Amino acid sequence: LHHPRAAEGNMALRLRCKVLLIGDPAVGKTAISQTFSHGLHHFRKDYAMTTGVDVYMKPIKIPEQPVCVELFVLDAGGDDYTQELLKPHYATANAFVFVYDVTSLDSFHHLRSWYERVQAARENAAVVGVVLANKSDYDTSGHNMVKPHMGQEFAKARGLEFFDTSALRGEVEVPLCFLAEVFASSYEERRLALLEM
């Protein structure tokens, strides 16, 4: 979904970027998607497992550039059946958001297999994305909590950026806006390379 739309007049160039949210059930993928797309007032405190694939879109204006990136965020349940629906998109997505719950060591340890699934589907294509330590509003000093350095090291080893997030507090925009800026920058680099050919 990285087709530029030529805009009329002085309107911004519009790019489309497909982003996949990946992670275990109940780590907060849907809360992140809904809060990012519709604002904090859409945060649901009652947990309802996602079945199927939901798509959220939000336009992101790139600072100091006449570019707008339309982020299409695909959110699927973390169970194996629902993830099968998302699997065809592994090879075609422009970016990935790997999410774990800071209160669940299992959700963090499972990130490795989530990443490996994506990597296998993409063959030689790069995996561009971020790692989100969600529910950062919790105190992580407890015995079974995921310490920040663990997520940071996981992300660094795979060339991903790390962010603390809290859908409850509405702190979800920065990593997704970061991906929009990375996508716009990559598009510009490809455009300039073609002009030089």
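Couple of notes before you dig in:
- Taking residues in region 24-38 that are among the hydroxyl-bearing types (S, T, Y), and partners anywhere that are assigned to a loop (DSSP other than H, G, I, E, B) and surrounded by 24 or more Cβ atoms within 10 Å (Cβ to Cβ), the pairs with Cβ atoms closer than 7 Å and at least 6 places apart or on different chains are T35/A167; T35/V172.
- Matching residues, region 11-61, being more than 18 Å from A93 (Cα to Cα), at pLDDT 70 or above and in contact with a helix residue (DSSP H, G or I) (Cβ under 6 Å, 6 or more places away or on another chain): D24, V27, Q34, F36
- Residue ID - surrounded by the fewest Cβ atoms within 10 Å (Cβ to Cβ), chosen from residues in region 76-90 that are modelled with pLDDT of 80 or more and either under 19 Å from G28 (Cβ atoms) or of a type in the set (S, T, Y) (or both): Y90
- Filtering V69, V118, V102 for residues that are touching a Leu at 6+ places or on another chain (Cβ under 6 Å) and buried (at least 16 other Cβ atoms within 10 Å of the Cβ) leaves a single hit, V69.
- Residue within region 91-99 that is part of a helix (DSSP H, G or I), open to solvent by 20 Å² or more (accessible area, probe 1.4 Å) and among the hydroxyl-bearing types (S, T, Y) present: no
- Every residue from region 52-66 that is crowded, with 18+ Cβ neighbours inside 10 Å, within 13 Å of C177 (Cα to Cα) and in contact with a strand residue (DSSP E or B) (Cβ under 6 Å, 6 or more places away or on another chain): I60
- Summed over region 156-197, the residues that are open to solvent by 80 Å² or more (accessible area, probe 1.4 Å), under 20 Å from L20 (Cβ atoms) and in contact with an Asp or Glu (Cβ under 8 Å, 6 or more places away or on another chain) give a count of 0.
The values are calculated or read from the model by the stated rules, or taken from the named source; none is laboratory data. Since the structure is predicted, the reported quantities are computational estimates derived from the model, not experimental observations. For neighbour counting, all protein chains shown are included, and Cβ atoms are generated from backbone atoms with ideal geometry for every residue, glycine included. In case anyone asks, the SASA skips ligands and DNA or RNA and just uses the protein heavy atoms, side chains included. Shrake-Rupley method; radii C 1.70, N 1.55, O 1.52, S 1.80 Å.
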